[in-house]
């Protein structure tokens, strides 16, 4: 019996240590947003600031207008998610129901997701510069859509496969045309899959750095690029890094926690079925 | 009865599969965009890699495979591959083992489980750039808490310039990378382990199998397909590692932590060696594609 108690104690200790190791650095970075400049660079470091400051947040919305990066990211991630979901679901439906392209097509689609962003961004940069569409919303959204489509198709394929074909057949017999079948049967039946896939697409896009670093520079700078802007040659503006990180993490964290129960399958790219 | 059921079936077939163009209309936009953004860069890289385009020269004529020969003898390129490989072969197993251990600890009743899980989700949704910044701050030589805590434990001021010291820069990068992604492994593996039929593990326990025997003989084989995918996702992310290294060291000190993606970025965007970058991009894409297609075929077969 003693041994069982010891195992339980060890288990709780292990879990708590892991959670603390995960939580502390986040606490530490986020704390920067609420410290004064003196406290940020204080030696020894200040673990609990004397007073909570909100100046860093005010600065983001003030003269520097850095919070615009969050708006840019929101626009880019939202449009990317919607477009990729619509096109990807259509494609996945065709692949499942009509076996369009077969297995080779599916593998080709997925292999596109594996291309290193840094490799494809260089030619894209030159092409966009030539066409003078660098640093514009449509150009980066197209890139993100293309980059997320394979994942959306791969995921939605799995969800659509689970819809019994008999449902679609009855809808057809009842007089629905093809688009109505998609709209009235397939979409409602794969709702949880659509949520999960959309959340992942949104998070990928929101946090993506390489494409954003190269393809945006002034007008539509995104949130990760904005964060790297605070690393100056002489010093780092940790107040701003902290404040920006908090504002940038909240949307994705809320989305993930809110849709948590749908996400298990998505995180393993469909390998775990609920 | 029999004679009527067969025509119904045939009608369904014709209803669903009659309009041949419909299915191609469905895939057309997706394929078009993927081709536009995915295929163009590969072709472009291939074309410029056999031309002579550098910062000083804009020669679009056939230049042979000189850039590939240069790449073959470029020590910096081979070293960058080695750095990338080093990070991958250390981070991947550590993430996997930590994730597996933690997942095993979370199996069964645990007070506060939802809160713990919510905290453990955080690293996976935080932007890698922010994670890089976070660990740069944690390891700051002067005002970083790690320096402070270690000095306190050692009871004497320690003076390590973490991200500049050749002995310590890799541990810092690895800690940041592992910290961000072992919770991801944990989440996948916990979901997979929770799906393992407890009847089997209970039966094994009753038959006298020990904890480890049960784990290795029953749980591990049951979660293997999921684990394989998780390992593949992470391996592919790791060989593309850019964000965290970019923020923590930018490849420094010198080129000691320069990964291949970082080297491509520097040749392309700092040195403007268009042709040379093209040759590197094309070589890497070919190499990765072969590996990915082979791995995906395995998954597809097991699906």
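The values are calculated or read from the model by the stated rules, or taken from the named source; none is laboratory data. Since the structure is predicted, the reported quantities are computational estimates derived from the model, not experimental observations. Cβ coordinates were reconstructed from backbone atoms using ideal geometry, including for glycine residues, and neighbour counts include every protein chain displayed.
The number of residues in region A:83-98 being free of Cβ contacts under 8 Å to residues at least 24 places away in the same chain and assigned to a helix (DSSP H, G or I) comes to 2. All of B:230, B:222 fail the test of being surrounded by fewer than 18 Cβ atoms within 10 Å (Cβ to Cβ) and either in contact (Cβ under 8 Å) with a residue 24 or more places away in the chain or more than 10 Å from every other protein chain (Cβ to nearest Cβ) (or both), apart from B:222. Of all residues in region A:136-146, exactly one satisfies the criterion of being out of contact with any helix residue (DSSP H, G or I) (no Cβ under 7 Å at 6 or more places or on another chain) and either within 15 Å of residue B:42 (Cα to Cα) or in contact (Cβ under 8 Å) with a residue 40 or more places away in the chain (or both), namely A:136.
Listed here are the helices (runs of 4 or more DSSP H) enclosed by region A:124-192 that have at least 1 residues being within 23 Å of residue A:203 (Cβ to Cβ), in contact with a strand residue (DSSP E or B) (Cβ under 6 Å, 6 or more places away or on another chain) and facing chain B (nearest Cβ under 10 Å), and there are none. Number of residues in region B:25-34 that are at pLDDT below 90 and more than 7 Å from every other protein chain (Cβ to nearest Cβ) equals 1. Restricting A:90, A:114 to those that are in contact with a helix residue (DSSP H, G or I) (Cβ under 6 Å, 6 or more places away or on another chain) and within 30 Å of residue B:81 (Cα to Cα) reduces the list to A:114. Just one of the numbered conditions (1) surrounded by fewer than 17 Cβ atoms within 10 Å (Cβ to Cβ); (2) under 30 Å from residue B:107 (Cβ atoms); (3) within 10 Å of chain B (Cβ to nearest Cβ) is not true of residue A:44: (2).
Only one of the listed residues (B:87, B:53) is at pLDDT 80 or above, over 29 Å from residue B:233 (Cα atoms) and surrounded by 12 or more Cβ atoms within 10 Å (Cβ to Cβ). That residue is B:53.
Of the numbered criteria (1) assigned to a helix (DSSP H, G or I); (2) surrounded by 17 or more Cβ atoms within 10 Å (Cβ to Cβ), the one residue B:140 fails is (1). The requirement of being in a helix (DSSP H, G or I), in contact with a helix residue (DSSP H, G or I) (Cβ under 9 Å, 6 or more places away or on another chain) and facing chain B (nearest Cβ under 7 Å) is satisfied by residue A:119. Answer yes if at least one residue in region A:217-235 is in a loop (DSSP other than H, G, I, E, B), within 15 Å of the chain's Cα centre (by Cα) and at the interface with chain B (Cβ under 8 Å from one of its Cβ atoms), and no otherwise. Looking for residues that are in a loop (DSSP other than H, G, I, E, B), within 15 Å of the chain's Cα centre (by Cα) and at the interface with chain B (Cβ under 8 Å from one of its Cβ atoms), one finds none in region A:217-235, hence no.
Okay, residues lined up against (1) surrounded by fewer than 18 Cβ atoms within 10 Å (Cβ to Cβ); (2) in contact with a helix residue (DSSP H, G or I) (Cβ under 9 Å, 6 or more places away or on another chain):
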residue	(1), (2)
B:117	no, yes
B:149	yes, no
B:152	yes, no
B:170	yes, yes
B:186	no, yes
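Filtered by the rule that a residue be assigned to a helix (DSSP H, G or I) and either touching a residue at least 40 places away in the same chain (Cβ under 8 Å) or closer than 15 Å to residue A:129 by Cβ (or both), region B:266-282 gives B:268, B:269, B:274, B:275, B:276, B:277, B:278, B:279, B:280, B:281, B:282. Criterion applied to A:6, A:33, A:37, A:63 was being under 30 Å from residue A:209 (Cα atoms) and at pLDDT 85 or above, and the one residue passing it is A:33. Checking region B:290-302 against the condition returns no match, with no residue being more than 8 Å from chain A (Cβ to nearest Cβ), modelled with pLDDT of 85 or more, within 27 Å of residue B:87 (Cα to Cα) and not in a loop (DSSP other than H, G, I, E, B).
Screening residue B:209 against (1) in a helix (DSSP H, G or I); (2) more than 13 Å from chain A (Cβ to nearest Cβ) leaves a single unmet condition, (1).
The residue list B:71, B:96, B:81 contains one member that is touching a helix residue (DSSP H, G or I) at 6+ places or on another chain (Cβ under 7 Å), outside any loop (DSSP other than H, G, I, E, B), closer than 23 Å to residue A:200 by Cα and at pLDDT 85 or above, which is B:96.
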